[in-house]
């Protein structure tokens with residue numbers, strides 16, 4: 001039990017340390033896309049790397065991914081976050 005706590009604490013601290021600078025960076029593109037019958041909010045980090053598309057679950061919003069986006073972006077991926085219908 002104690003080792004699990006130490007492991008989780010260490011991983012959390014490392015993730016926070018590596019993402020602090022990234023959290024302040026604004027997305028390359030952000031806005032609404034108009035599709036037939038719906039307008040959806042999106043955020044796109046830009047770049048030419050492999051694309052990762054992130055969508056939140058049935059509840060929540062794009063902030064669910066706020067800590068993952070900088071990590072993936074800094075690893076060279078292009079990240080696109082899309083709000084589900086009715087949430088953004």
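Derivation of every value follows stated rules applied to the coordinates shown; laboratory data play no part. Please read all numbers here as calculations on a predicted model, not as lab measurements. In this analysis, Cβ positions are derived from the backbone assuming ideal geometry, glycine residues included, and neighbour counts consider all displayed protein chains.
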**Q.** Simple spin-label estimate for residue 71 and residue 50 in nanometres, 7 Å along Cα-Cβ
**A.** 1.6 nm
**Q.** Residues 55, 33, sorted so that the one with the fewest Cβ neighbours within 10 Å comes first
**A.** 33, 55
Q: Could you calculate the contour length gain from residue 33 to residue 57, that is, 0.36 nm times the residue separation minus the distance between their Cα atoms, to one decimal place in nm?
A: 6.7 nm
